[in-house]
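Below is one structure, written out as structure tokens, with a few remarks after it.
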């Protein structure tokens with residue numbers, strides 16, 4: 001690397017050549033790496049007459065403690081920066097938290113009137129659809145009642161889903177929900193009497209699993225039970241429900257022997273809306289067999305007895321009552337396919353027709369149970385004077401003991 005030659009003047013030298021030259025050696029340790037003159041070493045010039053001159057550095061070498069001082073001051077500066085940054089961060093977080101709370105408060109203030117408005121519109125929509133205040137209160141009461149019965153539901157549900165003696169969802173037809181559950185007795189020594197049971201549910205929420213408690217109790221008494229499912233409203237109307245129940249009864253009458261049942265001891269049973277549907281199916285089948293038209297796949301002669309539990313058999317007496325209880329007239333008439341069809345689906349009215357005496361004579365023995373404390377379908381909605389001529393009518397107080405009495409009575413009838 002070439003040397004940098006600087007001319008200097010030395011007053012102590014008396015020679016003809018007063019100029020000497022200073023060489024800066026870049027290999028010496030500088031104070032600042034970018035300053036080549038900070039620390040130098042004087043060396044002689046390669047000229048002959050040049051004398052070595054000792055010259056002190058222009059800038060003295062920095063003491064070692066200077067670095068320490070610089071480092072400590074730098075560290076102190078960094079600490080101050082971090083402190084300030086931390087304070088700024090806490091301040092910003094606090095401001096952000098306050099801003100979020102204020103924003104949340106504004107959102108709540110904005111959402112409250114909108115929620116109230118939507119609630120009012122929803123209630124008005126339910127009212128226009130026929131679901132009014134009474135329906136909502138009945139639904140809440142039903143929820144509280146179900147909550148109190150929940151421990152019992154768990155026991156029955158466990159039996160329904162995990163018992164090996166319950167054959168669930170056996171297909172009996174081509175329509176939706178054409179399924180039935182079959183409850184098998186413990187003993188398999190010979191054919192067993194069979195109960196074809198149509199569950200209730202106000203024609204809207206009926207389901208075959210509602211009969212699991214009855215199926216469990218009767219199967220423990222050596223009786224086979226078939227709980228028939230059917231289409232509910234609005235999936236189907238009354239004629240669809242009767243058609244489904246009739247197909248389920250036909251399956252029981254014709255196929256029950258394959259499961260160990262006795263086809264000669266088949267009993268029909270219905271509860272609440274299911275009692276009404278089963279009664280309509282039975283009367284309609286009797287009319288078909290009396291020669292009034294229509295093909296038949298089962299016979300009323302195959303039914304030993306019909307048991308109706310808390311059913312409604314005269315719809316003319318129930319329209320106003322259901323309307324006052326929350327099942328509004330428009331919905332009820334939609335289920336029953338119009339006011340002109342009320343007679344068709346009122347078994348009590350049909351059997352009083354003098355032109356249908358032959359069909360009525362084909363009906364099996366009928367046993368009706370109803371509770372005096374039943375508010376779903378009142379016991380006085382039927383004509384007792386005529387029913388007593390046609391069947392055995394039992395008016396009982398609604399309690400668990402009556403259900404056990406019914407089981408004992410039914411067991412005796414089945415044994416007979």
So between residue 299 and residue 321, what do we pick up on full extension, going 0.36 nm a residue minus the alpha carbon distance? 4.5 nm
In nm, give the distance between the simple-model label positions of residue 290 and residue 115, each being 7 Å from the Cα along the Cα-to-Cβ direction. 6.2
Return 199, 237, 119 ranked ascending by Cβ neighbour count within 10 Å, so the fewest neighbours appear first. 119, 237, 199
Size-normalised alpha-carbon gyration radius of the range 128-226, reference 2.2 N^0.38 Å: 1.31
Which of 203, 298 comes first, and how do the rest follow, when ranked by fewest Cβ neighbours within 10 Å? 298, 203
The range 192-301: equivalent-ellipsoid semi-axes (sqrt of 5 x gyration tensor eigenvalues, Cα, Å): 21, 19, 10
Where both partners of a DSSP beta bridge lie in the range 173-275, what percent of those bridges are antiparallel, to the nearest 5? 25
Over the range 125-236, what is the percentage of antiparallel beta bridges among all DSSP beta bridges, to the nearest 5? 60
I'd like the FRET efficiency for residue 142 and residue 235, computed as 1/(1 + (r/R0)^6) with the beta carbon distance as r and R0 of 25 Å, rounded to 0.05. 0.75
So, with points 7 Å from each Cα along the Cβ direction, the residue 357-residue 123 label distance in nm works out to 5.9
Extension gain (nm, one decimal) between residue 373 and residue 107, 0.36 nm per residue minus Cα-Cα: 90.6 nm
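Bear in mind that the values in this text are calculations on the coordinates, not laboratory data. All figures in this text were calculated on a predicted structure; none of them were measured in a lab. Cβ: placed from backbone, ideal geometry, glycine included. Neighbour counts: every protein chain shown.
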